[in-house]
Amino acid sequence: MKRFALPLLAGLLAGTALAGPAFAAKDLVVGLPDNITTLDPADINDTLSQSASRTMMQGLFGFDKDMKLIPLLAESFTVNDAATEYTYRLRKNVTFHDGTPFNAQAVKTNFDRLANPANRLKRQSLLAMLAETVVVDDTTITLKLSQPFGALNNNLAHPGAMIHSPKALETFGKEIGRHPVGTGPYKFVSWEADTLKVEKNDKYWKPGLPKIDHVTLKSVPENGSRIAMLQTNEAQFIYPLPPEMVKMVEANQALELIDSPSIIARYVAMNTMKKPFNDPRVRQALNYAIDKNAYAKVVYRGYAGPLDSAIPSKLGFHVTQPNQYTYDLAKAKALLAEAGYPNGFEAEMFGRNSTNFIRGMQFVQQQLSQIGVKLTVTPLESGVETARVWGVEKPEDATVQMQYGGWSASTGDADWGLRPLLWGKGFPPKFFNVAYYKNDTVDAAIETGIATADTAKRAEAYRVAQEQIWKDAPWIFLGVENLLAGKSKKLTGFYYVADGGLQMEEADLQ
Amino acid sequence: MLKYLVGRLAGILPVLLVISVFVFGFVHLLPGDPARLVAGPDATQQDVELVRQDLGLDQPLWVQYGRFLGNAVQGEFGRSMKSKRPVSQEIGERFMPTLYLTVVAMVWATLAGLLIGVASATKRGRWQDHVGMVVAVSGIAFPSFWLGLLMIDLFSVKLGWLPTSGYGTWQHYVMPSLTLGLGVAAVMARFTRSAFIEIAREDYVRTARAKGVPARLVVWKHTLRNALIPIITMVGLQFGFLLGGSIVVETVFSWPGLGRLLVDSVNYRDYTVIQAEILLFSLEFIIINLLVDVLYALANPEIRYS
């Protein structure tokens, strides 16, 4: 035992010394539900790591707190009619944390890196259509695309397209994910196991920002422990807040609840190639058979809104559908009878094995039993789901009948809300069209929408697509969950954005 | 003794080799496509294929095993599929927190368990025995996540004495080590009590008493010394289990240890990390077993290895 005791003692003493109080500086602690995976945004596929890298890094575009596209490192842009050539004028007098100037060459280095499949970056698809980047002058860059792509600015606003210091890319190579150097409001300090520390960037290009000296992002996986941190002021912001813990935040004078709509659509995809779901009347009947208000109450304790089109209302080009599938059992039964299933039928529903998903699936099961549809709920562990649902090579081989799922379109645009899920050319394993839904009108609209940068034309295309999808009902449209978080009342200017990301550029502690 | 130790140490290698085959096979039998999981929920098929090549998962299994073994021999376990960091770093930074917490928990739990066990055994049937065993049974019965959250609520939220969670100062050790050690203390207490009662019936104990050896000496020297063998076995086993990292305690108290790393890596199908962790756990057990055998000889000089 003696062997262990010495390093232990040393560790404890060192820890005590480090934990001395700091009164003057403004220190913010944020409680996260999970560990950060990497800080190379081009290689990140989870929202949490994206939020973490957004404290330090920025792209040409970004989103404001309402998910509206805003220019960041770009000042303005022009695009040709064919949506194949974009020219960006870049912000001047911006430097990376390591002193390297931000310029067109830096953008080129980053975009060429991301677009090159040989680099095997997880976000390569954001710039897969990039054919060539041309440095026009120090503050102007042109992107030439191999095919028309109308949502490029949205793709560039995605955290995956944020800009590293080219010097850091060269210095750190493969280790860049541990040494992020960007142009953002905070600079990297350290990242150990489950704690990331960043500090104020004194030379930030937005005057007067940031106001916080140090930010610590801490992974605290247990909900109860996370809320305890908020109650003891060890953390000033925690997320997500489970609906059942909302009352604990509301009961505390020093705390404040954040409750805002997300861009996460919840739905049940029905395999439209399989009986009985090949009949639109059956799919509509199932939509009528579910009380969406009850869904929000049972599954999200009321913290959810309606999914009133194929995409959530916070996504660009969303159109609320006029004919909602309002809860109506008589109508549902009539439609089922008309389709030849007066006594209902039996079916199996897949979905993830998390508590929330299982609760959602059981709710759907109970609701559909009212019209004689007997569901078997089969929860799948994520790896199994991958093999059984997303990795299936041919539509004929698909065993999925119904899939309880969710989707968050991280570009904030209708394209990424529709194309991966409901495009006739997007069956697994290419994309995630697990409804195996194929409609020529919708396909044409989705293709038109992405082939132009003309906002009016895109709006029209997505209006057509949403209308047709709504009529065909390849999904049971369940709802859009709210984002819930708890924060100290002393914390201001800290935003929990609809895509689940955190924005702390303007954060301040009173 | 030395010869014995060298022989035992040499025997570790073939054992590890066999374990490596099982670990590799087991990990690759897990359902699910790691390339797709690593690539993320909204990755396209093209992205998935890139990731697959990147991870070398497009190679035949035996090639992958050969690569794994060749690297493992050099103490190199490749890079985590998830974080792309070297696995040795990934595990290294979490090993010490788990080790420290395990040692702190084991020390107090073993001492407390011994004391309660001896007290219960010597005062058998009296109130000390009843109190001791109620504590022991509760220690086993309380779920640690529940106990952990209750302690956080009391000591951090209500009283403000201790930090809720995290790792760093000595205050951070109090609640996790109490939670982690309670079950061990309970097991130790029950184990000590029964071992003690059994030994107390032996002839030599009766003889010692009969010839007038003071009670204190009978208890602590004649009885406890002989009861130590099963107790050491138990301590070794518990130590080995705790070194694997406690998932529940690490989760409740956000302790950056190996247990959470294992769960995370299984969820992500982070093959390289899972393999290295399981090999590490196996190695830990082998070494602990060896130490336990050595301790046997120290506790009872009649045991000799040759």
In percent, how large is the relative contact order of the range A:170-222, given Cα pairs closer than 8 Å and 6 or more residues apart? 27 percent
Could you calculate, for the range B:189-306, the ratio of the Cα radius of gyration to the Kirkwood radius, expressed as Rg to Rh? 1.18
List of the range A:221-256 residues, accessible area with partners at least 10 Å² below that of the chain alone (1.4 Å probe): A:221, A:222, A:224, A:225, A:228, A:229, A:231, A:232, A:234
Quick one: what are the phi-derived ³J(HN,Hα) couplings along the range A:429-440, Karplus 6.51/-1.76/1.60 with θ = phi - 60°, whole Hz, x for glycine and proline? x, 4, 10, 10, 6, 7, 7, 6, 8, 9, 9, 4
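Pairs A:92/A:187; A:65/A:487; A:274/A:374; A:247/A:297; A:92/A:197: which are spaced more than 18 Å apart, C-alpha to C-alpha? Intermediate values should be presented prior to the final figure.
Details: A:92/A:187 20 Å; A:65/A:487 16 Å; A:274/A:374 16 Å; A:247/A:297 15 Å; A:92/A:197 28 Å.
In this structure, A:92/A:187; A:92/A:197 exceed 18 Å between Cα atoms.
Let's test the formula: R0 of 30 Å, r as the Cβ-Cβ distance of residue A:313 and residue A:244. What FRET efficiency results, to the nearest 0.05?
Numbers: r = 26 Å, r/R0 = 0.86.
Once the sixth-power term is evaluated, E becomes 0.70.
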Could you report the accessible area of residue B:133 in Å², rounded to 10, computed with a 1.4 Å probe on the protein chains as they sit in the structure? 30 Å²
Any idea what diffusion coefficient the range B:2-79 gets from Stokes-Einstein, in µm²/s, Kirkwood Rh on alpha carbon pairs, 20 °C, 1.002 mPa s? 145 µm²/s
Averaged over A:387-397, how many beta carbons belonging to a partner chain fall within 10 Å of each residue's beta carbon? 2
Note down the net charge around residue A:141, summing +1 for each Lys or Arg and -1 for each Asp or Glu among other residues with Cβ under 15 Å from its Cβ. 0
Using a 1.4 Å probe on protein heavy atoms only, how many Å² of accessible area do B and A hide from each other, summed over both chains and rounded to 100? 4600 Å²
For a label point 7 angstrom out from the Cα of residue B:217 toward its Cβ, which stretches of the range B:184-209 have the backbone nitrogen within less than 17 Å? B:204-209
Members of the range A:158-178 that become less accessible by 40 Å² or more once partner protein chains are added (1.4 angstrom probe, chain alone as reference): A:174, A:175, A:178
Stokes-Einstein, Kirkwood over Cα pairs, chain A, 20 °C, 1.002 mPa s; D in µm²/s equals 87 µm²/s
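Classify the range A:441-510: rounded, prolate or oblate, from the alpha-carbon gyration tensor (a ≥ b ≥ c, eigenvalue square roots; a/c under 1.5 rounded; otherwise prolate if a/b is larger than b/c)?
Working: a/c = 5.17, a/b = 2.08, b/c = 2.48.
It is oblate, given that a/c is not under 1.5 and a/b is not larger than b/c.
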What percent does the relative contact order of the range B:96-305 come to when contacts are Cα pairs within less than 8 Å and at least six residues apart? 26 percent
Working out 0.36 nm times the residue gap between residue A:471 and residue A:137, then minus their Cα-Cα distance, what length gain in nm do you get to one decimal? 115.2 nm
For residue A:330 and residue A:489, calculate 0.36 nm times their separation in residues minus their Cα-Cα distance, and state this gained length in nm to one decimal. 52.4 nm
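Suppose we keep just the DSSP beta bridges with both residues in chain A; what percent of those would be antiparallel, to 5? Don't jump to the answer; show the numbers that get you there.
Working: 58 of 75 bridges.
Within chain A, antiparallel bridges account for around 75 percent of the total.
Carbon and sulfur: what percent of the protein assembly as shown's accessible surface (1.4 Å probe)? If you can, show how the numbers build up before the last one.
Working: 20260 of 34380 Å².
Carbon-and-sulfur percentage of accessible area, whole number: 59.
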accessible surface per residue for the protein assembly as shown, probe 1.4 Å, DNA/RNA/ligands not counted, whole Å² -> 42 Å²
Which far-off residues, 5 or more places away or on another chain, put their amide H under 5 Å from the one on residue A:478, with H placed in the peptide plane? A:266, A:267, A:268
What residues of the range A:185-206 lie in the reach of a label at residue A:213, counting those whose backbone N is under 11 Å from a point 7 Å from the Cα along Cα→Cβ? A:200
Quick one: in the range B:96-305, what % of C-alpha pairs are over 28 Å apart? 39 percent
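Restricting attention to the range A:419-464, which trypsin sites (Lys or Arg not before Pro) occupy a DSSP loop and are surrounded by at most 13 other Cβ atoms within 10 Å?
Numbers: sites: A:425, A:430, A:438, A:457, A:458, A:463; in loops: A:425, A:430, A:438.
Sites meeting the loop and neighbour criteria: A:425.
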So for R0 = 45 Å, FRET eff. of residue A:119-residue B:237 from the Cβ-Cβ r, to 0.05, ends up at 0.40
Compute the distribution of all C-alpha to C-alpha distances in the range B:66-199, in bins of 5 Å from 0, and list the percent of pairs in each, rounded to whole numbers. 2, 10, 14, 14, 13, 12, 11, 9, 7, 5, 3, 1, 0
Residue by residue through the range A:49-63, what is 3J(HN,Hα) from phi via Karplus (6.51 cos²θ - 1.76 cosθ + 1.60, θ = phi - 60°)? Round to whole Hz and write x for glycine and proline. 5, 5, 4, 5, 6, 5, 5, 10, 10, 9, x, 5, 10, x, 10
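The values are calculated or read from the model by the stated rules, or taken from the named source; none is laboratory data. Note that the coordinates shown come from a computational prediction; the quantities given were computed from them, not determined experimentally. Using ideal geometry, Cβ is built from the backbone for each residue, glycine included, and neighbour counts are taken over all protein chains shown. For the accessible areas, the whole protein counts, side chains as well, though only heavy atoms, and no ligand, DNA or RNA atoms are used. Shrake-Rupley method; radii C 1.70, N 1.55, O 1.52, S 1.80 Å.
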